[in-house]
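The values are calculated or read from the model by the stated rules, or taken from the named source; none is laboratory data. All values reported here derive from a predicted model rather than from experimental measurement. Cβ: placed from backbone, ideal geometry, glycine included. Neighbour counts: every protein chain shown. These area figures cover heavy atoms from the full protein model, side chains too; ligands, DNA and RNA do not enter into them. Shrake-Rupley method; radii C 1.70, N 1.55, O 1.52, S 1.80 Å.
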Amino acid sequence: MNRTTMRELAFKLLYSLEIQKLEELKEQIDTYIETNDINNDEAIAYIEDAVLGIEKNKNTINELIKNNLKSDWKIERVSKIDLSILKLAIYEIKYKNLPYKVVINEAVELAKKYGEDNSPKFVNGILASIIRE
């Protein structure tokens, strides 16, 4: 399983968690992996690391998003899809030290596939602004 596929699976779980806001995160991850019949060890490790890492660093990640929104925007106004994509990308750039160009490209591709018409431009803009910091 390639990184793009693993990233997309992690994004889908993050999105469902944004909507549900349930407790017992590890249990949710295990259920997601089982329900989606994910049996690739590398994919399971990636998904667990991403979701738990984002949760652990959520305050910093949310602050980065808030600080890079236009002044008249609030984080609550950002779609759950875009928010999930941004959180995953920021986590990969800031905490996993993955090449930002690759991460941004993948994030924009997820935004094209799952987001609204303006999502790719929005995601690209926020991430570019964070990189410039």
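The table that follows gives values for the structure above.
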| quantity | calculated |
| --- | --- |
| Helix-derived mean residue ellipticity, 222 nm - over the chain, DSSP H n ≥ 4, -39500 (n - 2.57), to 500 | -24000 deg cm²/dmol |
| Residue-normalised accessible area of the chain, given per residue in Å² at a 1.4 Å probe | 59 |
| Rounded percent of accessible protein surface that carbon and sulfur make up, the chain, 1.4 Å probe | 47 |
| Longest segment of the chain lacking trypsin sites (Lys or Arg not before Pro) that sit in a DSSP loop with at most 11 other Cβ atoms within 10 Å | 75-133 |
| Stretch gain in nm, segment Glu24-Arg132, where the contour uses 0.36 nm per residue and the Cα spacing is subtracted | 35.3 nm |
| Pair Thr35, Lys121: separation of 7 Å Cα→Cβ label points (nm) | 3.4 |
| Calculated over the stretch 51-133: convex hull of Cα atoms, volume per residue (Å³) | 87 |
| Per-residue SASA entry for Glu27, accessible area with 1.4 Å probe, Å² rounded to 10 | 110 |
| All aspartates and glutamates inside 16 Å of Lys101 as judged from Cα atoms, apart from same-chain residues fewer than 8 positions distant | Glu92, Glu109, Glu133 |
| Sites Asn105 and Glu8, calculated FRET efficiency, Cβ-Cβ separation with R0 22 Å, nearest 0.05 | 0.95 |
| Neighbour net charge for Ile33 - beta-carbon separation under 12 angstrom, K R +1, D E -1 | -4 |
| Using distinct alpha-carbon pairs, which all enter the 1/r mean, Kirkwood radius of the stretch 1-107 in Å | 14.2 |
| Derived scalar couplings ³J(HN,Hα) [the stretch 124-132; Karplus, 6.51 cos²θ - 1.76 cosθ + 1.60; whole Hz; x for Gly, Pro] | 4, x, 5, 5, 4, 5, 5, 4, 5 |
| Longest exposed-site-free window of the chain, the sites being chymotrypsin sites (Phe, Trp or Tyr not before Pro) in a DSSP loop that have at most 16 other C-beta atoms within 10 Å | 1-72 |
| At R0 = 25 Å, FRET efficiency that the Cβ-Cβ distance of Asn97 and Met1 yields, to 0.05 | 0.70 |
| 14 Å beta-carbon shell around Tyr46, net charge (K/R +1, D/E -1) | -3 |
